[in-house]
1. Checking the conditions here, which among ARG256, ARG169 is loosely packed, with under 13 Cβ neighbours inside 10 Å, modelled with pLDDT of 90 or more and touching a strand residue (DSSP E or B) at 6+ places or on another chain (Cβ under 8 Å)?
2. Among the residues of region 148-198, which ones are in contact (Cβ under 8 Å) with a residue 60 or more places away in the chain and either of a type in the set (A, V, I, L, M) or farther than 29 Å from MET102 by Cα (or both)?
3. Among the residues of region 124-161, how many are of a type in the set (Val, Ile, Thr), outside any helix (DSSP H, G or I) and modelled with pLDDT of 90 or more?
4. Please go through region 212-252 and pick out each residue that is without any contact (Cβ under 8 Å) to a residue 12 or more places away in the chain and either polar (S, T, N, Q) or in contact with a Leu (Cβ under 9 Å, 6 or more places away or on another chain) (or both).
5. Exactly one of these conditions fails for TRP162: (1) out of contact with any strand residue (DSSP E or B) (no Cβ under 8 Å at 6 or more places or on another chain); (2) more than 17 Å from ILE123 (Cβ to Cβ); (3) surrounded by 15 or more Cβ atoms within 10 Å (Cβ to Cβ). Give me its number.
6. How about region 107-123: which of its residues are part of a strand (DSSP E or B) and among the hydrophobic types (A, V, I, L, M, F, W, C)?
7. Can you tell me which residue among TYR228, TYR246 is surrounded by 15 or more Cβ atoms within 10 Å (Cβ to Cβ) and among the aromatic types (Phe, Trp, Tyr)?
8. As an exercise: evaluate THR196 against (1) of a type in the set (Val, Ile, Thr); (2) assigned to a loop (DSSP other than H, G, I, E, B); (3) over 23 Å from SER219 (Cβ atoms) and give the number of the one condition it does not meet.
Amino acid sequence: MLSRFLSMLSRVLLFVTARLNRTRHHDCSVYGGAGAEVAPPSQAALVQRGIRPESLPRHVAVVMDGNRRWAQARGLLTAKGHEAGRRALELTMEVDYLMGMMEQTIRDNLDEYVRNGIRLHVIGDPSRRPSSLQNTIQEAEEMTRNNSQLHLIVATCYSGQWDIVQACRALAGEVQRKTLRPEDIDEAMLASKLATSVAGVEFSCPDLVIRTSGELRLSNFLMWQSAYSELYFTDVMWPDFGETEYLQALSSFQSRERRFGQRNA
């Protein structure tokens, strides 16, 4: 499922954004589980939805939620036994499985990323990842670093609070070494220490954040970076989220007036 999701999402976003406006670099951040297979939207579908190429979001972030509820509604989980023990066991097995699946997914799709000009970057706490996965991530990031059609940013072992804390620690270290004065710290400097800005990554803050499954919150995802993002919530579970839902999100985005914290005149 994760393999199909990354492949699908890369194709869909690349088609909707970069193909319609080749002069711009586009970002996509993803956070969560797996998705369903869909075909890239056609030009006719874009026109029918009234999607305007000149005002597409440059960076779309997706909180992929609803996988467990989707599976449970279809009777795909039949665990028995003591509830607390079951949940602890499921959590441990799920984390191990997801880490292994992510490593295999990156390897399986790396040639496709290179061929389609997709740059892959993984953010989050590397100390919480298995060494084999971290090595695979570093290899993939190096192989795709010069690609420019789409920047696919995957958040794993990541939280917005962790990101802000590690940025503050980095600045505190510079102050301690007397290479930085506290009074020189501003928003731009803190932003430069976030996981989305380190290692030479050219990262734009999300224009649009999509959250699936009916949950009306960001759940600790890109908290600093989403300060002025447009938020789109849908009741659709992530495994059912496809071309139609994505185009609806883009249409909603284009209908809004972005003020970036400014009041109406």
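1. Values: ARG169 fails: touching a strand residue (DSSP E or B) at 6+ places or on another chain (Cβ under 8 Å).
Selected residue: ARG256, the only one of ARG256, ARG169 that is loosely packed, with under 13 Cβ neighbours inside 10 Å, modelled with pLDDT of 90 or more and touching a strand residue (DSSP E or B) at 6+ places or on another chain (Cβ under 8 Å).
2. LEU150, LEU152, ILE153, VAL154, ALA155, ILE164, ALA195
3. Final tally of qualifying residues: 0.
4. The answer is THR244, and nothing else.
5. Among (1) out of contact with any strand residue (DSSP E or B) (no Cβ under 8 Å at 6 or more places or on another chain); (2) more than 17 Å from ILE123 (Cβ to Cβ); (3) surrounded by 15 or more Cβ atoms within 10 Å (Cβ to Cβ), the lone unmet condition for TRP162 is (2).
6. If we filter region 107-123 for residues that are part of a strand (DSSP E or B), which is where we start, we get 118-123.
If the condition is that a residue be part of a strand (DSSP E or B) and among the hydrophobic types (A, V, I, L, M, F, W, C), then ILE118, LEU120, VAL122, ILE123 are the ones that fit.
7. TYR246
8. Checking THR196 against (1) of a type in the set (Val, Ile, Thr); (2) assigned to a loop (DSSP other than H, G, I, E, B); (3) over 23 Å from SER219 (Cβ atoms), the one that fails is (3).
The values are calculated or read from the model by the stated rules, or taken from the named source; none is laboratory data. All of these numbers come straight from a predicted model, not from anything done at the bench. Using ideal geometry, Cβ is built from the backbone for each residue, glycine included, and neighbour counts are taken over all protein chains shown.
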